[in-house]
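K.L.:
I am attaching a structure below and will ask some questions about it afterwards.
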Amino acid sequence: MDVTIDKKLKDLWKLQQIDSRLDNLRAVLGELPMEVADLEDDIAGLQTRVSHITTEIGELNQEISNKRIAIKDFERLIEKYDDQLNNIKNSREYDAINKEKEIAGLEIMSAEKRMREYGKQIELKEETLTNTQNALDSRNKDLEFKKAELTEIEKENAEEIDKIMLERNTADGKIDPRLHRAYHRIRGNVRNGIAVASIMRGSCGGCFSKIPPQRHSDIRAHYRIIDCESCGRILVDQAITGIAAVDEEKVEKTTRRKMRLTTK
Ligand SMILES: [Zn+2]
């Protein structure tokens, strides 16, 4: 065992652990603002809907009062025809006025029919309006809650991130420049941000490929830094990670879940 290599591996693993914690905190922070933005979109859509329906109801009410005015006009016309019929000169004139009176009566009936139709349309629209308004109220409550949650988590996370960043600076300073470059290059290339992977049940903890037995014992020997042949991640064994074999499965599950999340 090379003491220098042993120390280098431990320092790298430490930095990886810190960076993974930071990655997780930032991932949590990344999802909530999206949820808030989705809710805000929903609310804007519902508000537009409410305002459209309200306008439509207003227009229908306007139509109804127009019809009411028209009916009044026809009623006045009918009164006028009745007066004329009382002072009629001949039967031709009588027929003509009666015809006009009949037309006015039909106009009134048709206007009343339209008013009933508009009334029914208004009822339906008011029902939709109530439902939309209820949905809007409930989304607004959700938003209020989510925003409060976001502010709280942002505050907590910011404090936590500041604390971890101090730890990170110390851990980062211990890595030699060549390894430092390699570490960041690998981290930039992989999806789950894991540049230093632990061996899990004989496989790479980053990509889960099997590690050949000879390579496995080389890794355990700590005499040089060895990467995974499949993914290029730096591999470390249990002596470095301190993860007991029984915990490996748990770690593997978490890593696999994280990979699925980040691949989406
Ligand atoms: Zn690998």
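K.L.:
Work out how much length R181 to T54 would gain on full extension: take 0.36 nm times their residue separation and subtract the Cα-Cα distance, in nm to one decimal.
P.N.:
The R181-T54 span can extend by a further 39.5 nm.
K.L.:
Here's a follow-up. Using +1 on the beta carbon of Lys and Arg, -1 on that of Asp and Glu, and nothing else charged, what's the dipole of the chain about the Cα centre, debye to 20?
P.N.:
About 1740 debye.
K.L.:
Determine the sum of side-chain charges near D172: Lys and Arg each +1, Asp and Glu each -1, restricted to other residues whose C-beta is under 13 angstrom from that of D172.
P.N.:
Net of charged neighbours comes to +1.
K.L.:
How many Å³ per residue does the convex hull of the Cα positions in the range 107-264 occupy?
P.N.:
Spread over its residues, the Cα hull of the range 107-264 gives 220 Å³ apiece.
K.L.:
For the chain, what does the helix formula give at 222 nm: sum of -39500 (n - 2.57) over DSSP H segments with n ≥ 4, over the residue count, nearest 500 deg cm²/dmol?
P.N.:
Calculated at 222 nm, the ellipticity per residue is -29500 deg cm²/dmol.
K.L.:
Sticking with this one: Per the chain: cysteines with no other Cys C-beta under 4.7 angstrom?
P.N.:
Singleton cysteines: none in the chain.
K.L.:
Only four residue types carry charge here, +1 at the Cβ of Lys and Arg and -1 at the Cβ of Asp and Glu. Report the dipole size of the range 176-263 about the Cα centre in Debye, rounded to the nearest 20.
P.N.:
Using only the charged Cβ atoms, the result is roughly 400 debye.
K.L.:
Percent of alpha carbon pairs in the range 34-170 separated by more than 27 Å? It would help to have the intermediate numbers written out before the result.
P.N.:
Working: 5451 of 9316 pairs.
Beyond 27 Å sits 59 percent of the P(r) for the range 34-170.
K.L.:
Could I ask something else about it? Work from the charge dipole of the chain (Cβ charges, +1 for Lys and Arg, -1 for Asp and Glu, about the Cα centre) and give the residue of M200, Q214, I97 farthest towards its positive end.
P.N.:
So the residue we want is Q214.
K.L.:
Tell me which of Y81, N24, C231 sits at the most positive position along the dipole axis of the chain, charges placed on C-beta atoms (Lys, Arg +1; Asp, Glu -1).
P.N.:
The Cα lying farthest towards the positive end belongs to C231.
K.L.:
Moving on to the next point. Just the number: Rg to Rh for the range 157-227, Cα atoms, Kirkwood Rh, two decimals. Don't skip to the end; give the middle numbers.
P.N.:
Numbers: Rg = 14.8 Å, Rh = 14.2 Å.
Checking Rg against Rh, the ratio lands at 1.05.
K.L.:
Could you tally the net charge around A135, taking each other residue with its Cβ under 10 Å from the Cβ of A135, Lys/Arg +1 and Asp/Glu -1?
P.N.:
Value of the local net charge: 0.
K.L.:
Dividing the convex hull volume of the alpha carbon atoms of the chain by its residue count, what do you get in Å³ per residue?
P.N.:
Given the Cα convex hull of the chain, per-residue volume reads 190 Å³.
K.L.:
For the range 17-100, just run the numbers: alpha carbon Rg, then divide by 2.2 N^0.38 Å, N being how many residues it has.
P.N.:
Output field value: 2.87.
K.L.:
Measure out, as a whole number of angstrom, how far apart the alpha-carbon centroids of the range 69-136 and the range 154-173 sit.
P.N.:
Each part reduced to its Cα centre gives a spacing of 77 Å.
K.L.:
Need the C-alpha centroid separation for the range 195-214 versus the range 1-32, integer Å.
P.N.:
17
K.L.:
Something else about it: When the C-alpha atoms of the range 176-263 are aligned to their principal axes, what extent does each axis show, in angstrom, from largest down?
P.N.:
Taking max minus min along each principal axis of the Cα atoms, the range 176-263 gives 35, 31, 21 Å.
K.L.:
I need F208, F145 ordered by Cβ neighbour count within 10 Å, fewest first.
P.N.:
Listing F208, F145 from fewest to most nearby Cβ atoms yields F145, F208.
Laboratory data are not the source of any read-out in this text; all were calculated from the coordinates shown. Please read these numbers as outputs of a predicted model, since none were measured by experiment. Using ideal geometry, Cβ is built from the backbone for each residue, glycine included, and neighbour counts are taken over all protein chains shown.
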